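Notes for the one structure printed next.
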Ligand code: ATP
Ligand code: MG
């Protein structure tokens, strides 16, 4: 191994933040010359960035090898026919980059690879003797994200490690799932990235069990809830704690005139003025869009003190997309009187012209008593009891989760946190093998469906998450396992050039990737760049070397400095790097 010389490194550091990046990690990765944005959500990797990327990939490959997963590489460009049998050509909607070849045939740039992996496995595997198999790739994915943001965190072209397991039975699938899950934990520990494992809604992948690995970060778009026990859920996967109350002694419904504009605020003010205390059931008209584009109207009932959470509702109604109904959507539903929608015209008890399904949020439990609309302007009804006066077509999770809600595991109150999804593991079951006709011959000679799992890690996203959580006001502070160079030698005086080169060669001989800053720049610029780049060990040859033959060795993270004789410097750096590596493994933790 040879040292890299900064003077010939293809990079450019910047003093000022780029104007088109909104999160600190993205600003620093651009300023440090790791990546350059080429289009929204599309980045070029410079040598420094690519080194970090290779280090992350290495950690992943080591753990995949450990569990016997085999690496392959599939194309990103695939024909529509691959994704049609599972319905995902349509289901993924606008998120897929679709294109046509010169003959007019439909193609896509793959957003994920369950289908082609299933086809490939079907092609090669025919007997139970061929199973179990786990395949993986580290490959570029394409998603036309609505809001590419936060640099590498939400790209439109990004790198994913995706693995797929094929087994003969459910037990085998579960075993592969636990192996991958464990391997993920090891990878994240090695990389020094914090993570929380949350129960997840499995989305359009459509499996039963699924968990996400979230890196707790304020800039994250995923909200998760955590119980005092440590257990965590994606808000889309959280189930409201069920209850039921006796309603035999509750009074009967009573209609009252309620002046006002039909808003919850005006109704609340009116009830207060009248001295009536009753929770309010608000009914919201929504539009459901099926994968084939067909739209229909439904009504969702939930307590008025909670916002409607469309993502939670969508998770319950998948693969439907849900949006709030506008005036145009309600033209065929004169029975839905804006501001006064009740429970009488919808759902099982309903009698609208084009009957609307009625979904009830799980907080509206059997025996709960409400004030709700009377389906006519200016009127509401009191004492409307769930399970006595109305029912629904489906109980859903439609209400926003609140800090302090009860945890489903009974351990106390939930707290709400934010994070970025860095990985996800799915038990896919038979969904893909059935829709793509993948069977193998079983031990008894009969044809058996193959059980599958799929497992993803956001390789490029992880780099942004590590940068986001390992930085200070001066720049990046890479964990040693991912740093592009383990040692950054700063030549602070022209007279120290020879010594810097010698030290660089020596640390390289010890197997440490070394960067020697030999540029014709001021010491100040070099110090600032060393801090910006964030390599874990910075070795400085300057006045101390000239006066006392000493090298200053600085730990980037703690700022701790030690001075050693030049001859001892390489050995000292080596032992420090080993210490940093073992500290990293010790301190990496499961939150
Ligand atoms: P998100 O909810 O953040 O859009 P996802 O659940 O759609 O992600 P998966 O299909 O589970 O993503 O993909 C596996 C992994 O790929 C994710 O856990 C994430 O780390 C990464 N990933 C997904 N989308 C992107 C993206 N647009 N840019 C970078 N990484 C991504
Ligand atoms: Mg996911």
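The set of residues from segment 1-17 being outside any helix (DSSP H, G or I), over 20 Å from residue 471 (Cβ atoms) and touching a residue at least 40 places away in the same chain (Cβ under 8 Å) comprises 1, 2, 3, 4, 5, 9. Among the residues in segment 301-313, are any at pLDDT below 90 and within 35 Å of the chain's Cα centre (by Cα)? Taking every residue of segment 301-313 in turn, none turns out to be at pLDDT below 90 and within 35 Å of the chain's Cα centre (by Cα). Within segment 403-427, the set of residues being more than 16 Å from ligand 1 (Cβ to nearest atom) and at negative phi comprises 403, 405, 406, 407, 408, 409, 411, 413, 414, 415, 416. Residues in segment 321-344 that are in a strand (DSSP E or B) and either free of Cβ contacts under 8 Å to residues at least 40 places away in the same chain or surrounded by 21 or more Cβ atoms within 10 Å (Cβ to Cβ) (or both): 322, 323, 342. Filter segment 18-38 down to residues that are touching a residue at least 12 places away in the same chain (Cβ under 8 Å), over 21 Å from the mean Cα position of the chain (by Cα) and exposed (fewer than 14 other Cβ atoms within 10 Å of the Cβ), then give me how many there are. Selection size over segment 18-38: 1. Among the candidates 387, 347, 367, 423, the residue that is touching a residue at least 24 places away in the same chain (Cβ under 8 Å) and within 16 Å of ligand 2 (Cβ to nearest atom) is uniquely 423. Listed here are the strands (runs of 3 or more DSSP E) enclosed by segment 188-265 that have at least 2 residues being away from ligand 1 (no atom under 12 Å from the Cβ), over 16 Å from residue 416 (Cβ atoms) and more than 20 Å from the chain's Cα centre (by Cα): 254-257.
The residues of segment 206-216 that are in contact with a helix residue (DSSP H, G or I) (Cβ under 8 Å, 6 or more places away or on another chain) and either more than 16 Å from ligand 2 (Cβ to nearest atom) or at pLDDT below 90 (or both), listed by number, are 206, 207, 209. Does residue 286 satisfy the condition of being under 27 Å from the mean Cα position of the chain (by Cα), within 16 Å of residue 373 (Cβ to Cβ), in a strand (DSSP E or B) and at pLDDT 90 or above? Taking the combined requirement at face value, the residue satisfies it.
Give the residue that is nearest to residue 3 (Cα to Cα), with candidates limited to residues of segment 565-574 that are under 45 Å from the mean Cα position of the chain (by Cα) and either at pLDDT below 95 or crowded, with 17+ Cβ neighbours inside 10 Å (or both). Among those residues, the one meeting the criterion is 570. When you scan segment 52-73, do you find a residue that is free of Cβ contacts under 8 Å to residues at least 40 places away in the same chain and in contact with a strand residue (DSSP E or B) (Cβ under 8 Å, 6 or more places away or on another chain), even just one? No, segment 52-73 contains no residue that is free of Cβ contacts under 8 Å to residues at least 40 places away in the same chain and in contact with a strand residue (DSSP E or B) (Cβ under 8 Å, 6 or more places away or on another chain).
Here residue 457 fulfils each of the conditions (1) out of contact with any helix residue (DSSP H, G or I) (no Cβ under 9 Å at 6 or more places or on another chain); (2) within 16 Å of ligand 1 (Cβ to nearest atom) apart from (1).
When you scan segment 476-489, do you find a residue that is modelled with pLDDT of 95 or more, under 19 Å from residue 565 (Cβ atoms), in contact with a strand residue (DSSP E or B) (Cβ under 9 Å, 6 or more places away or on another chain) and surrounded by 16 or more Cβ atoms within 10 Å (Cβ to Cβ), even just one? Yes, segment 476-489 contains a residue that is modelled with pLDDT of 95 or more, under 19 Å from residue 565 (Cβ atoms), in contact with a strand residue (DSSP E or B) (Cβ under 9 Å, 6 or more places away or on another chain) and surrounded by 16 or more Cβ atoms within 10 Å (Cβ to Cβ).
The values are calculated or read from the model by the stated rules, or taken from the named source; none is laboratory data. These figures come from a predicted structure and were not determined experimentally. With ideal geometry, Cβ positions are generated from the backbone for all residues, glycine too; neighbour counts draw on all protein chains shown.
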